[in-house]
Amino acid sequence: MSHSGTVAAQPPVKMGLAIPNSKLCMWLFLGTEIMFFTAFIGTYLVLRLGSPGWPSDVADTHINVRAGGVNTFVLIFSSYLVVLAHESMLKHQFQKAWKLMCAVLFFGVVFLGIKSMEYKGKFDHDIVPGHIAENDAQALQKLVNEFSKSRDAMTNALITDDPKSEKKLSPAQKLVGLPQLISSESDTTKKDALKALGELRDATAQLKEGVRKDTLVLHTGTDHEVNPDITTKLEKFRTNEHTARYFTAHDPHPMVYGNVFASVYFLMTGFHAIHVIVGMILWIFPILRGAKLDASYTDWVENSGLYWHFVDLVWIFLFPLIYIVEFGSHAV
Amino acid sequence: MSAVHPTVGLSDHGHGHAGHHEIGFVGKYIFSKDHKVIGIQFLITTLLMLMVGGALALGVRFQLAWPWRAMPLVSQLTGGLFAAEGGQISPEFYTMLFTMHASVMIFLVIIPILAGAFGNFLIPLMIGADDMAFPTLNMLSYWFMWPAIACFGMSFTVNGLNAAPANGWTAYPVLSAVVQAAPGAGDAQTWWLFGLTLVGVSSMMGSVNYMTTIINMRAPGMTLFRMPLTIWSMFITAILQAFALPVLTAAGFMLVAERTLGFKFFVPGNLLINDAPATVGGGQPLLWQHLFWFYSHPAVYIMLLPAMGMVSDMLAAQVRKPIFGYKPMVYSMAAIAGLGFIVWGHHMFTSGMNPALGMTFMISTMMIALPSAVKVFNWIGTIWGGKVQFNTVTLNCVAFVSMFIVGGLSGIFMAAVPVDIYFHDTYFIVAHFHYVLFGATLFGCFGAIQFWYPKMFGRMMSERLGKLHFLLSFIGFNGTFFPMHLLGIAGFPRRYADPYIHPYMEHLMPINRFITLCAILMGIAQFILLFNFAFSFFAGKKAGRNPWNANGLEWSAPSPPGHGNFDVPPVCYRGPYEYSSPLSEGTDFLMQTDPLRHTGGVGNAGDGHH
Amino acid sequence: MSHEEHADHGHLYRFIFGLLCVFTAVSWLADECKEYIPGVWLLPIIVLGVAVMKALCVLLIFMHIKFERAWKYVLLAPTTILAIGLPLALLPDVGVHYYHMDVPQDPISDQAFEDLEPTSDAGHSSH
Ligand code: HEM
Ligand SMILES: [Cu+2]
């Protein structure tokens, strides 16, 4: 009968627990949330322990312990602020509570900012589930694909279809006429660009041939360096002013079980980040009350606080699991 | 708990806000926050979905009885809508039919009819609250069902009209993870997973709400051990849902990510499936099976426990005897729930799972039969020597108990690894789960509809139609599912579009024809239920507050109860099962609200200390 | 409601916050000098142990579990058991295999990359 608002006639005996319904419900909900993350953490543990290999070399995985550590601190500090905010609500210091909640929201943003920088690093190196080559052969094949894609993108940008003719030419068909185009082009920058395209085409063809004939190797030397032939090509097209815009190939980094690794990484940190966002939305409501914040929001702050601490709690486990531990897996 | 004093002078608290503000039609009947309306909405929705699921099942049955024949009527009427070539059921479509049959029946019928319909309607009434703890959340939990239904519907139509997920309701990877695995299942499987997630969200909102309500909103004097078994069962079900469902939701997200974003969890490297490129990665297919059954075994109890609770209440009222062994009933439900969390592996005996785990799961599965048996004996003990009222409610309850015995026994068969290696994926399994799901749960629901209909609408349902519906359903049911045991023992596999290509199964065709005819009979019988449901709304005999002379708090409220439920906030003085008590002079029941006689525990049900 | 019971815990909260910072520093340090930590299991034990300590601090003090009544046991016991039990049950099957798991990641999957050539990303096999 809690929502009826009529307090006049309270039943003589209150059954149940001496906590508000909303708090009870929040705790029960947190129970379900624990199981939700248990499924993810369990998945991570068994996939990791059950895989004969697991990428752990930071040079490959681009796991950034600093960022994770700073984020841990950010969340812990915001949790502390939440506790203070709730205390202030209880003491009816609503403006102090309001400021503290704003600070919590701010640290939520900081957390997400650091997180997105980490994500950007991953994307830059194409450490994305489903994109990762698991061995040398796949890495080379992927390299060829990326070269071809860059070549085609550049071709389509430089050589437009004849507007008068109906039929659309494929990039390969367009490239057939490249030598004539170069010789007939008068504009020097454009001429250089077309020449660069020619070089890209040749490099792509060379790599492809190497892969097909099995003559191209990814690593050379004793210390497992990437084949200088490949690195120079990558470097050349990345720095060339004409090709740079179209050139999207990544350094080849084969990682055994890299796809599973990237999958669980994004799964766990992604769902955690979603929870941070939900928590921030919860803080927005009392903050929007501004100067009108009053004791009616005490339960709200307490319950949102519980949620926020839970999000912190999850991160406390994600940090060592993702960023630190190595179960002695053989890095490749 | 301390003694409870009669509540005098509280008379107009109950409908505290009933008269204060007017609610428009939409607020009252559509986006209602009243638990009774939401319960009835759930009930009608699930009954409609029952018919949809039934139609899909008849498609499956038709193919098994008359393989590759054009379906009569259906193929003409729909212009080949449901069939590939010339009204035939193609093998792919057959796979889709049984997948969607099971999905609809489990996620849109059985689970929501128990927790959603009866849970919503009964919980506040039976514990003496004026509504759920969170009415808005409650409303949302109903309105999340419709997007779920829409997603399941989408999975039928996105890839043309012959599309649907085709991986069974269990959606095992690798086939469910690789888009090219089943023709037509491309986006359909993804929609199906979205639908599943939405049903999950709906159940989740319901379950935390139910738990909060039951823990914190009981009427004064309603101690834990004075709660009707229906409430206990709903409570335990809510706990199961709260702890098991998130795991499935998590697994569902993983599978969606695998299908659409290129994540790798379940698919191992180097598989060639249809015309898909070979898979890359190092996922583990068994991981899905574990996560799925970690939810779905507890879920089979989510699909049963509430019916067990309701049957206990109905049975005691219909045989005019206290329920036999109230506390053992509670403890055995708790034991079923607890054990239910550690038996999931019995679905994976033949999956290549670690044999050591197989042994463990076999033993725990056999243990779960013990509390189940305790309950069965208690129901029989309740009926024994009672004054049995021979009506539709009793018939359905007795059907519940007896069909559960059959289903439970076949369950123990399959719990033994060596036996299951033979029976797994045969029709024996199909017989088993239909005995527990249809035979037990649905008959329990049929009884519950008849029993609580007067409380919902203020009128009785027709007894004559009810008995006819029961009789036809019961005959049709046993005719359909009992022979499936025989099929299973003969090695007839489940999920095959045409098992008769194997000569050793040709001679099973006549049994299959018989089964299909019985299934049609059973399907037709359900129209009687729908008719009775609708007809009694207008023409049923008017019912008073307590047409069954039952004890629960809900029977002290008006029929149908107004907004806010009770005219006086009820106070509970005793357990719910004091029938034929010598203390009740003149009558044979003692309502929980009856303050006249303070009593210890007759039939052990009344002493409420905890 | 239950708020009246709370004494002023300001001091305690500050102490716990400090403790959490120290714990974080410890796991960071452990990572910094992981070359010097012998064996395979010591590092996980250290950092996960630290994580458990931190979780307890947050749970007991920040989330007030220490100050709540007995319902906390009823609520947290099943969750904790299930949360530990699920991964443990998965371990013997998915985590540790009784059969050889190392599927060679080569010949046919190379085709995967070839088939997809110029249009799609490497390895994006699910489309
Ligand atoms: C006495 C208790 C029970 C035991 C020992 C038991 C045992 C089993 C076993 C061993 C299987 C797996 C068979 C196989 O696939 O090879 C199974 C399947 C199944 N059981 Fe039960 N069961 C019991 C009660 C129930 C109840 C009460 C329900 C539902 C209300 C239920 C629903 C199901 C369903 C739906 C399946 C099939 C799942 C599928 O593969 O699609 N069972 N049962
Ligand atoms: Cu099971």
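Here, each number is a calculation from the coordinates, and none is a lab measurement. A quick note: this is a predicted structure, and the numbers were derived from the prediction, not measured. Using ideal geometry, Cβ is built from the backbone for each residue, glycine included, and neighbour counts are taken over all protein chains shown.
Rounded to whole numbers, the Karplus 3J(HN,Hα) couplings from phi for region B:431-444 are 4, 3, 6, 6, 5, 7, 7, 7, x, 8, 4, 5, 5, x Hz, using 6.51 cos²θ - 1.76 cosθ + 1.60 with θ = phi - 60°, and x at Gly and Pro. Projecting the Cα atoms of B:ILE475, B:THR441, B:MET509 onto the dipole axis of region B:439-512, where Lys and Arg carry +1 and Asp and Glu carry -1 at the beta carbon, places B:THR441 farthest toward the positive end. Simple point charges give the picture: +1 on the Cβ of Lys and Arg, -1 on the Cβ of Asp and Glu, and for the protein assembly as shown a dipole about the Cα centre of about 3180 debye. Along the positive direction of the dipole of the protein assembly as shown (beta-carbon charges: Lys, Arg +1; Asp, Glu -1; about the Cα centre), which of B:THR426, B:MET484, B:TRP379 reaches farthest? Among B:THR426, B:MET484, B:TRP379, the one farthest towards the positive end of the dipole of the protein assembly as shown is B:TRP379.
Counting pairs of Cα atoms in region C:1-67, how many percent are more than 15 Å apart? Numbers along the way, then the final one.
Numbers: 1315 of 2211 pairs.
Tail fraction, whole percent: 59.
Rounded to a whole number, what is D in µm²/s for the protein assembly as shown from Stokes-Einstein with the Kirkwood radius over alpha-carbon pairs (20 °C, 1.002 mPa s)?
Values: Rh = 32.1 Å.
So the translational diffusion coefficient is about 67 µm²/s.
The overall shape of region B:320-539, judged from the alpha-carbon gyration tensor, is oblate: a/c is not under 1.5, and a/b is no greater than b/c. A convex hull fitted around the alpha carbon atoms of region B:30-303 yields 131 Å³ per residue. So if we plug the beta-carbon distance of B:TRP68 and B:ALA490 into 1/(1 + (r/R0)^6) with R0 = 25 Å, what FRET efficiency do we get, rounded to 0.05? FRET efficiency, B:TRP68 to B:ALA490: 0.70.
Assigning unit charges at the beta carbon (Lys, Arg +1; Asp, Glu -1) and nothing else, what dipole magnitude in debye, to the nearest 20, does chain B show about its Cα centre?
Details: 26 positive and 23 negative charges, 169 e Å.
The dipole of chain B has a size of about 820 debye.
Which whole number gives the average count of other chain Cβ atoms within 10 Å of the Cβ atoms across peptide C:49-59?
Working: counts 1, 4, 11, 3, 1, 9, 5, 2, 4, 10, 4.
Mean partner-chain Cβ count within 10 Å for C:49-59: 5.
The C-alpha radius of gyration of chain A, expressed as a fraction of 2.2 N^0.38 Å, stands at 1.43.
Number of Lys-Lys pairs in chain B with C-alpha atoms under 18 Å apart and a separation of 8 or more places or on different chains: 9.
Karplus-based coupling profile of region B:476-488, in residue order and whole Hz: x, 4, 5, x, 6, 9, 5, x, 5, 4, 5, 4, x, with θ = phi - 60° in 6.51 cos²θ - 1.76 cosθ + 1.60 and x standing for Gly or Pro.
Here, chain B has an Rg and a Dmax of 24.5, 80 Å when only alpha carbons are counted.
Report, in debye and to the nearest 20, how large the dipole of chain A comes out about its Cα centre when Lys and Arg carry +1 and Asp and Glu carry -1 on their Cβ. It would help to have the intermediate numbers written out before the result.
Details: 30 positive and 32 negative charges, 204 e Å.
Using only the charged Cβ atoms, the result is roughly 980 debye.
Distant-in-sequence amide contacts of B:ARG459, defined by a placed amide H-H separation under 5 Å and a gap of 5 or more residues or a different chain, comprise B:ALA543. Here, region A:185-332 yields an orientationally averaged convex hull projection of 16.7 nm² when only Cα atoms define the hull. Dividing the convex hull volume of the alpha carbon atoms of region B:512-587 by its residue count gives 193 Å³ per residue. Given in Å, the Rg to one decimal and the Dmax to the nearest whole number for the Cα atoms of region B:436-524 are 17.3, 58.
Rounded, prolate or oblate: which one fits region C:25-103, using the alpha carbon gyration tensor with axes a ≥ b ≥ c (rounded when a/c is under 1.5, else prolate when a/b beats b/c, else oblate)? Working shown, then result.
Values: a/c = 4.54, a/b = 1.28, b/c = 3.54.
Taking the square roots of the gyration eigenvalues as a ≥ b ≥ c, region C:25-103 is oblate.
Annotation for region B:386-446: chymotrypsin sites (Phe, Trp or Tyr not before Pro) lying in DSSP loop with at most 16 further Cβ atoms inside 10 Å of their Cβ are B:PHE390. Mean per-residue shielding of peptide A:304-315 is 3, counting Cβ atoms of other chains within 10 Å of each Cβ.
Return the inverse of the average 1/r over all pairs of distinct C-alpha atoms in region A:38-130, which is the Kirkwood hydrodynamic radius, in Å to one decimal.
Working: mean 1/r = 0.0625 Å⁻¹.
Evaluated on region A:38-130, it is 16.0 Å.
For region A:151-221, the share of alpha carbon pairs falling in successive 5 Å distance bins from zero is 3, 14, 21, 21, 14, 10, 7, 5, 2, 1, 0 percent.
Scanning chain A for trypsin sites (Lys or Arg not before Pro) in DSSP loops with at most 15 neighbouring Cβ atoms within 10 Å leaves A:246-332 as the longest stretch between them. Taking every Cα-Cα distance in region A:200-259 and sorting them into 5 Å bins from zero, the calculated P(r) comes out as 4, 15, 23, 25, 19, 11, 3, 0 percent. Across peptide B:288-295, the average count of Cβ atoms from other chains found within 10 Å of a residue's Cβ is 4.
Ordering A:SER148, A:VAL217, A:SER170 by the projection of their Cα atoms onto the charge dipole of chain A, which places +1 on the Cβ of Lys and Arg and -1 on the Cβ of Asp and Glu, puts A:SER170 at the extreme positive end. The sum of -39500 (n - 2.57) across all DSSP H runs of n ≥ 4, divided by the residue count of chain A, sets its helix-only mean residue ellipticity at 222 nm to -22500 deg cm²/dmol.
In chain B, helices alone account for a calculated mean residue ellipticity at 222 nm of -18500 deg cm²/dmol, with every DSSP H run of four or more residues adding -39,500 (n - 2.57). Overall, the ratio between the Cα radius of gyration of region A:61-200 and 2.2 N^0.38 Å, rounded to two decimals, is 1.90.
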